[in-house]
Amino acid sequence: MVAIRLRRGGAKKKPFYRIVVIDSRKKRDGRVLDIIGYYDPKPETPEYKIDKERYDSWVQKGANASEAVKSLIKKAK
């Protein structure tokens, strides 16, 4: 099963997330299949970018998005 979820990066107390496609059995920061965007919650207005074409492509192939990613997709529209 394939999942679309956030992968944490950045320093302590300064998170930065990549939106990744990964095997759902892997760890949060495990090897990814594809990186389709990013999310930076720290600025006054959180920044995010998602490649909608690649997101839609993975969803058509059967990937399930996490709740956090689904909320970012809604905001991006």
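For the range 57-77, a residue qualifies if it is more than 13 Å from residue 34 (Cα to Cα) and either aromatic (Phe, Trp, Tyr) or free of Cβ contacts under 8 Å to residues at least 40 places away in the same chain (or both), and the qualifying residues are 60, 67, 70, 71, 73, 74, 75, 76, 77.
Considering the range 60-77, and only residues there that are farther than 19 Å from residue 8 by Cα and among the charged types (D, E, K, R), the residue that is surrounded by the fewest Cβ atoms within 10 Å (Cβ to Cβ) turns out to be 77.
Which of the residues that make up the range 29-77 are among the small types (Gly, Ala, Ser), within 11 Å of the chain's Cα centre (by Cα) and not in a strand (DSSP E or B)? 66, 68, 71 - these are the residues of the range 29-77 that are among the small types (Gly, Ala, Ser), within 11 Å of the chain's Cα centre (by Cα) and not in a strand (DSSP E or B). No other residue among 8, 18 is among the charged types (D, E, K, R), at pLDDT below 95 and in a strand (DSSP E or B) apart from 8. Considering only residues in the range 22-38 that are out of contact with any Lys or Arg (no Cβ under 8 Å at 6 or more places or on another chain) and touching a residue at least 24 places away in the same chain (Cβ under 8 Å), the one that is surrounded by the fewest Cβ atoms within 10 Å (Cβ to Cβ) turns out to be 25.
The values are calculated or read from the model by the stated rules, or taken from the named source; none is laboratory data. Predicted model only: the values in this text are computed from it and were never measured. Because the Cβ atoms are built from the backbone with ideal geometry, glycine has one as well, and the counts that use them run over all protein chains shown.
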